[in-house]
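Notes for the one structure printed next.
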Amino acid sequence: MSDMLLTNTIQGVGILILVLSLLYVCLLFRNTLKTGRLALVREVTERDFLAQRANEIVERNRIQKAKDENGWNGIRKFKVSKKVIEAKDQCSFYFTPHDGRKLPPFDPGQFLTFSLNIPDQAKPVIRCYSLSDSPKDDYYRCTIKRVPAPRDTDHPPGLSSNFFHDQIEEGQIIDVRAPGGHFYLDSTRQSPVVLIGGGIGLTPVLSMVNYIVDTGSKRETWFFYGVKDGTEHAMKDHLQKIDKEHEHIHICPVYSRPRDGEDIEGADYKYKGRVGADLFKEVLPSNNYDFYFCGPPPMMNSLFEGLREWGVPENNIHYEAFGPATVTKKKEADQAAAKAPAATSDTDAEINITFSKSGKTLAWSSDAGSLLEFAEDNDVAMDSGCRAGNCGTCATALNAGEVEYISEPGSPPDGGSCLTCISVPKNSITLDA
């Protein structure tokens with residue numbers, strides 16, 4: 001009996017050892033498979049990353065080659081081939097090259113600079129307007145809003161916008177400089193983006209979303225468009241079509257004051273209120289996006305501060321500003337402070353800006369922003385156009401001293417001049433203004 005018990009015990013132990021051995025072999029096999037799968041996933045990920053980088057380089061080279069082959073310097077003649085009313089006081093102008101040659105591509109978000117021969121003006125008026133469509137090789141499109149006279153003031157209505165609306169007709173020839181500007185969508189990346197337009201600030205971000213659609217990109221895209229009501233809602237059918245046909249693109253019209261009985265929530269607009277960080281917190285899955293926005297000053301300032309408070313890195317905040325009283329001034333002041341010469345003692349001489357024609361000499365402060373904005377703040381009249389260092393309108397003779405540029409000029413000025421919209425003084429200077 002004891003022998004049988006011993007035999008059974010030995011057999012049980014043997015079976016247990018065999019089962020444990022099999023389990024150990026299975027565990028090793030599973031871990032080998034898991035390691036193999038991880039290695040395979042890592043290999044596929046690395047291969048996809050390298051392929052994406054290669055495609056980005058190829059695309060960048062293709063765009064640059066087309067720009068080099070079809071670009072131009074100075075003025076080029078364009079015909080106004082079409083004029084289309086888009087919404088209240090908003091009109092799209094289609095420009096085709098008068099010489100019939102192909103057009104170079106541009107970066108979605110950039111603008112055209114126009115030299116306008118307006119009656120009763122002593123010299124051509126330089127104005128910049130954002131391109132409102134994706135790049136095409138046979139036409140450019142700008143959508144321009146008529147600027148009325150400010151209420152309760154003696155100021156006249158917008159000179160160039162009213163000239164376009166009232167006097168530019170189909171078939172006319174107009175002088176245009178090549179596309180420029182530092183605000184544009186990075187088309188070589190596929191990271192998720194939030195595109196935001198307020199009023200006519202729609203135009204550069206419309207160019208961006210059209211580019212995403214036309215190139216077949218699958219990058220996650222949120223498009224917020226803020227207007228007062230349906231009368232100001234431009235490109236409505238076009239945007240609704242994009243929203244319906246592309247599941248990765250989310251079109252979100254926002255009306256601040258929808259009209260009772262006419263503007264229907266869910267049909268005409270998605271949200272009531274104002275475009276801002278509070279809305280984004282409710283709608284977006286996270287703040288992990290690149291934000292591109294353009295609009296009037298109150299919206300711009302609110303957006304910029306709201307996104308920073310939400311924890312969005314400044315490197316992910318991109319904007320095109322209207323006029324001097326916007327977020328641009330804050331950024332330029334920061335950049336100017338960084339560029340300004342460091343004081344070595346409390347007794348160092350201050351930097352003075354002398355405006356020779358205006359007869360003013362003023363002490364410079366690094367928080368003043370650019371030289372152009374410093375001049376405007378001190379009631380010194382200076383010409384300006386793009387305010388981005390591209391059109392050359394603000395070029396001013398530098399009679400003494402040196403300047404430094406906040407950002408790289410798109411169109412370098414002649415020797416002895418500086419672009420005041422993107423420059424700060426290195427030392428005391430004298431400007432011919």
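Of all residues in the range 165-206, how many are among the hydrophobic types (A, V, I, L, M, F, W, C), within 25 Å of TYR289 (Cα to Cα) and not in a loop (DSSP other than H, G, I, E, B)?
First, pick out the residues of the range 165-206 that are among the hydrophobic types (A, V, I, L, M, F, W, C): 168, 173-174, 176, 178, 183, 185, 193-196, 200, 202, 205-206.
Now narrow it down to the ones that are within 25 Å of TYR289 (Cα to Cα): 183, 185, 193-196, 200, 202, 205-206.
Those still in the list that are not in a loop (DSSP other than H, G, I, E, B) too: 193-196, 200, 202, 205-206.
Selection size over the range 165-206: 8.
From the list ALA363, ALA388, exactly one residue is over 18 Å from the mean Cα position of the chain (by Cα) and either at pLDDT 90 or above or of a type in the set (A, V, I, L, M, F, W, C) (or both). Which is it? Please lay out each step first, then the result.
Working: ALA388 fails: over 18 Å from the mean Cα position of the chain (by Cα).
ALA363 is the lone residue from the list that is over 18 Å from the mean Cα position of the chain (by Cα) and either at pLDDT 90 or above or of a type in the set (A, V, I, L, M, F, W, C) (or both).
Does VAL205 fit the bill of being under 24 Å from ASN390 (Cα atoms) and either assigned by TED's automatic domain parsing to the domain that holds CYS294 or buried (at least 22 other Cβ atoms within 10 Å of the Cβ) (or both)? Can you show your working first?
Working: under 24 Å from ASN390 (Cα atoms): yes; either assigned by TED's automatic domain parsing to the domain that holds CYS294 or buried (at least 22 other Cβ atoms within 10 Å of the Cβ) (or both): yes.
Judged against the criteria, VAL205 is a match.
Within the range 120-144, track down each residue that is among the acidic types (Asp, Glu) and either touching a helix residue (DSSP H, G or I) at 6+ places or on another chain (Cβ under 9 Å) or not assigned by TED's automatic domain parsing to the domain that holds VAL176 (or both).
The first filter runs over the range 120-144 and keeps only residues among the acidic types (Asp, Glu), leaving 120, 133, 137-138.
Within the range 120-144, ASP133, ASP137 meet the criteria.
Output the residues belonging to the range 395-420 that are under 21 Å from TYR319 (Cα atoms) and at pLDDT 90 or above. Across the range 395-420, the qualifying residues are TYR405, LEU419, THR420.
All told, LYS281 falls short of being out of contact with any Gly (no Cβ under 8 Å at 6 or more places or on another chain) and within 19 Å of LYS236 (Cβ to Cβ). Give the residue that is surrounded by the fewest Cβ atoms within 10 Å (Cβ to Cβ), with candidates limited to residues of the range 268-317 that are at pLDDT below 95 and among the small types (Gly, Ala, Ser). Ranking the candidates gives SER302 first.
So which strands (runs of 3 or more DSSP E) are wholly in the range 60-164 and hold at least 1 residues that are on the phi < 0 side of the Ramachandran plot and of a type in the set (Asp, Glu)? If you could, list the steps in order and put the result at the bottom.
Details: elements: 76-87, 90-97, 111-116, 125-130, 140-145.
Fully inside the range 60-164 and qualifying: 76-87.
Within the range 318-338, the only residue that satisfies the criterion of being in contact with an Asp or Glu (Cβ under 7 Å, 6 or more places away or on another chain) and at pLDDT 55 or above is HIS318.
Within the range 413-433, how many residues turn out to be under 17 Å from CYS128 (Cα atoms) and either in a strand (DSSP E or B) or out of contact with any Gly (no Cβ under 8 Å at 6 or more places or on another chain) (or both)? First the steps, then the outcome.
If we filter the range 413-433 for residues that are under 17 Å from CYS128 (Cα atoms), which is where we start, we get 419-422.
Okay, now just the ones that are also either in a strand (DSSP E or B) or out of contact with any Gly (no Cβ under 8 Å at 6 or more places or on another chain) (or both), so 419-420.
Of the residues in that region, 2 qualify.
Taking the criterion of being out of contact with any Pro (no Cβ under 9 Å at 6 or more places or on another chain) and under 23 Å from SER411 (Cα atoms), the residues of the range 132-175 that qualify are ARG141, CYS142, SER160, ILE174.
The set of residues from the range 252-282 being in contact with a strand residue (DSSP E or B) (Cβ under 8 Å, 6 or more places away or on another chain) and within 15 Å of LEU303 (Cα to Cα) comprises VAL254, GLY273, ARG274, VAL275, LEU279, PHE280. For the range 203-239, a tally of residues being closer than 17 Å to ILE144 by Cα and among the basic types (Lys, Arg) returns 1. Of the residues in the range 233-248, at least one is loosely packed, with under 13 Cβ neighbours inside 10 Å and either touching a residue at least 12 places away in the same chain (Cβ under 8 Å) or in contact with a strand residue (DSSP E or B) (Cβ under 8 Å, 6 or more places away or on another chain) (or both).
The values are calculated or read from the model by the stated rules, or taken from the named source; none is laboratory data. Bear in mind that the values here come from a model prediction, so they are computed numbers and not experimental data. FYI the Cβ positions are ideal-geometry reconstructions off the backbone, even for glycines, and counts take in every protein chain you see.
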